[in-house]
1. Output the number of the condition that residue 415 fails; it satisfies all remaining conditions of (1) modelled with pLDDT of 75 or more; (2) of a type in the set (Asp, Glu); (3) under 21 Å from residue 288 (Cα atoms).
2. Could you please give the count of residues in segment 61-111 that are more than 16 Å from residue 124 (Cβ to Cβ) and part of a loop (DSSP other than H, G, I, E, B)?
3. Is it true that some residue in segment 552-572 is open to solvent by less than 70 Å² (accessible area, probe 1.4 Å), free of Cβ contacts under 8 Å to residues at least 12 places away in the same chain and out of contact with any His (no Cβ under 9 Å at 6 or more places or on another chain)?
4. I need every pair where a residue in segment 58-78 that is of a type in the set (Val, Ile, Thr) has its Cβ under 8 Å from the Cβ of a residue that is surrounded by 13 or more Cβ atoms within 10 Å (Cβ to Cβ) and part of a helix (DSSP H, G or I), sequence separation at least 6 or different chains.
5. Tell me, which residue of segment 48-87 that is open to solvent by 60 Å² or more (accessible area, probe 1.4 Å) and among the small types (Gly, Ala, Ser) is nearest to residue 117 (Cα to Cα)?
6. Could you say which residue among 493, 498 is at pLDDT 80 or above and touching a Cys at 6+ places or on another chain (Cβ under 9 Å)?
7. May I ask you to verify whether residue 56 is assigned to a loop (DSSP other than H, G, I, E, B) and either within 30 Å of residue 188 (Cα to Cα) or modelled with pLDDT of 90 or more (or both)?
8. Taking segment 7-47 on its own, how many of its residues are surrounded by fewer than 21 Cβ atoms within 10 Å (Cβ to Cβ), acidic (Asp, Glu) and modelled with pLDDT of 50 or more?
Amino acid sequence: MDTSTPDGNSRGSQRSVAGALRDDFGAAWYRDFENGRAVHSVEWLAMLGHAEHEVGDGIDEWRSRIHPDERARALALVRAALVPGAPAYADEYRMGHRDGTWRRVQSRGQVVERDALGNGLRMVGVDREIGAEGRLEESLRQPDAIIALAERVVGLAWWTWNMQTDATSWSPGMFKSFGLDPSLPEPTFADQRSLFSPESYQRLVKASRNAVATGGSYLMEAEIVQPGGARRSVIGSGEVVRDVEGRPIGMRGVMSDITELLLLKRGVREQAQLLSQVSRIGRIGGWSLDLVGNVLSWTDETYRIHELEPGEPIDVQRATAFYHPDFRPLFVAELRRFGVFGPAAPDAAPRPAGESDEGFDLEARLVTARGRTIWVRSCGQAERAGDRIVRLSGTFQDITAAKEAQARLAQAMEDLRVRNRELQDFAVAASHDLQEPLRKIQTLGSLLAERFAGGLDAQGIDLLERMRAAAGRMGDLVGDLLAYSRVGRHEPLAEIDLGEVAAGVVADLEVEILTCGGVVSVGRLPRLRADATQLRQVLQNLIGNALKYQPPGRPPRVQVEAAVLDLPAVVTGEVRAHCRLQVSDNGIGFEPRYAEQIFAPFQRLHDRSRYSGTGMGLAIVRRIAERHGGRVYAGSTPGQGSLFTLELPLDGPPPAPDEAPAA
């Protein structure tokens with residue numbers, strides 16, 4: 001990165017600057033300490049007698065070649081160079097040659113990327129073999145090697161600046177970052193102001209002057225401005241170059257475009273914030289247990305669920321102690337399967353390659369650090385290294401609210417079942433109690449008509465007939481109420497032939513069909529698990545209505561057909577095979593707005609004087625459909641007939657909570 005000329009600098013020759021920079025290059029390397037990767041130039045490999053294909057890209061390719069007596073010290077110096085504010089890296093040590101000998105190497109490097117705390121993540125540098133006489137081998141001085149390696153691997157560009165002439169030297173990567181034509185001359189310092197945003201340029205001037213004054217270096221982020229106005233973010237580092245007498249003669253440094261990296265980091269940060277927010281809202285935490293080191297780690301939300309401060313010391317024993325005594329043995333048993341409290345259980349032994357690892361999913365009660373008892377769900381998955389389980393990791397969720405809601409729902413369902421049972425018992429009792437007086441009214445009315453009809457005038461006879469008709473309607477209504485109440489009783493289901501049921505209904509309605517001149521056509525109907533008596537009642541109501549609700553002079557035409565389809569179950573939503581039974585007619589129809597209303601009890605759309613009935617038939621049909629885990633719906637156009645559709649699962653409804661599945 002280019003820098004400004006501080007006032008009062010000593011002047012050296014341009015040749016001195018070039019020589020100082022060129023002498024710093026040798027066999028180049030790049031080391032990624034965050035990911036354990038390394039890239040070595042051909043010259044570096046040749047220095048140790050290796051061809052390019054003989055050395056991998058792991059960082060151990062370098063570590064393992066350091067002499068055992070010097071390895072600990074050498075690695076300690078590297079770690080020291082990675083801490084914030086550390087000077088540039090420099091060291092000497094012996095490295096193993098392919099021929100079995102040891103070669104003394106001088107190593108120098110510079111951190112090129114740091115994390116948010118300033119810790120070094122990646123470093124680029126050069127190594128030189130030091131001969132027996134202590135001079136550097138000229139054959140290994142390769143300035144182009146480190147330049148090409150740095151620009152290829154990390155997009156790192158270099159620059160130099162001669163403080164005497166104000167001339168600069170750029171690598172091709174510098175031109176690329178600034179969006180300039182590399183065939184043009186490097187811009188002088190006077191031309192550089194327009195390449196940076198004003199704020200970045202001022203900080204760069206200050207950092208450069210401070211480096212010259214103190215003899216140190218700088219590392220900073222800056223915003224550059226490309227031709228056309230596009231702005232990019234870069235990170236750069238620079239240091240002072242001195243002549244043999246120690247006078248500053250120039251600066252050298254590196255620069256890397258980090259625009260995409262910053263965008264990526266911002267995206268990662270936003271994703272992390274979103275994940276943290278979701279975790280807090282959903283009360284979902286995470287955990288990880290290193291079985292090799294017996295180290296347990298929790299996310300912040302897991303700490304909060306336990307009502308602990310994030311970061312408090314935690315281990316397996318303490319975590320286990322939070323479980324309620326009734327559930328603690330279950331949790332311990334799950335962990336014991338993976339060798340947490342001793343040797344792994346047999347079912348957690350090494351398994352063939354490609355076979356999935358074990359996991360667990362446990363719901364349990366937990367007592368928090370503040371003494372509250374809550375419900376939690378802990379899920380875990382084993383991770384293997386070869387044939388050995390080395391880690392357990394998973395999620396940890398507070399499900400107290402869901403458990404309490406389930407308990408309330410279960411209690412409400414139980415209360416509802418009790419009330420329904422009481423209502424059914426009441427309806428049955430009331431129906432039986434009402435039927436006896438009604439039978440007496442009808443019997444006495446008939447006797448009165450037979451014995452005393454001659455003594456009654458026309459008005460008296462009319463009143464008597466009205467009384468008998470009302471009693472008859474009341475009897476029908478009580479009978480329908482009794483039938484409606486009985487639908488809720490869970491009688492055992494069996495596999496039935498719906499075609500046989502339909503044939504029986506048509507036979508029962510033979511007189512009505514002949515009287516009205518109608519035709520009832522029945523297609524092929526499937527077998528299904530159902531209550532034959534109740535489905536007979538459904539077809540009797542639907543076909544009977546189709547024959548009854550007809551305009552004068554039009555012979556009824558009724559079609560009964562069915563198909564087997566995969567449909568979502570009404571109760572569970574699971575896709576299952578269903579029978580779709582449809583009954584269509586050419587009758588009077590009804591307005592579409594009444595398509596739902598007609599299934600309510602006692603609902604009639606027509607005058608009783610024209611069409612008889614109690615208004616309970618379709619209500620019974622719907623209740624039978626629901627009892628079988630299905631549904632019924634209707635469509636119609638006035639004057640063009642109606643279509644009633646019944647959808648029932650072929651294998652019957654799911655068992656009620658208080659009943660066992662039928663054998």
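The values are calculated or read from the model by the stated rules, or taken from the named source; none is laboratory data. All figures in this text were calculated on a predicted structure; none of them were measured in a lab. Reconstructed Cβ throughout: ideal geometry from the backbone, glycine too, with neighbour counts over all protein chains shown. Note: accessible area is taken over every heavy atom of the protein model, side chains too, but ligands, DNA and RNA are not part of it. Shrake-Rupley method; radii C 1.70, N 1.55, O 1.52, S 1.80 Å.
1. (3)
2. Within segment 61-111, residues that are more than 16 Å from residue 124 (Cβ to Cβ) and part of a loop (DSSP other than H, G, I, E, B) number 11.
3. The first filter runs over segment 552-572 and keeps only residues open to solvent by less than 70 Å² (accessible area, probe 1.4 Å), leaving 555-556, 558-560, 562-563, 565, 567, 569.
Checking which are free of Cβ contacts under 8 Å to residues at least 12 places away in the same chain leaves us with none.
Checked segment 552-572: no residue is open to solvent by less than 70 Å² (accessible area, probe 1.4 Å), free of Cβ contacts under 8 Å to residues at least 12 places away in the same chain and out of contact with any His (no Cβ under 9 Å at 6 or more places or on another chain).
4. Every condition considered, the pairs that remain are 66/74; 66/75.
5. Within segment 48-87, the subset open to solvent by 60 Å² or more (accessible area, probe 1.4 Å) is 52-54, 57, 60, 63-64, 68-69, 71-73, 77, 79, 83-85, 87.
So of that shortlist, the ones also among the small types (Gly, Ala, Ser) come out as 64, 72, 85.
Numbers: 64: 29, 72: 25, 85: 11 Å.
The extreme case among them is 85.
6. Values: 493 fails: touching a Cys at 6+ places or on another chain (Cβ under 9 Å).
Unique residue meeting the criteria: 498.
7. Details: assigned to a loop (DSSP other than H, G, I, E, B): yes; either within 30 Å of residue 188 (Cα to Cα) or modelled with pLDDT of 90 or more (or both): no.
So residue 56 does not fit the description; no.
8. Number satisfying all stated conditions: 2.
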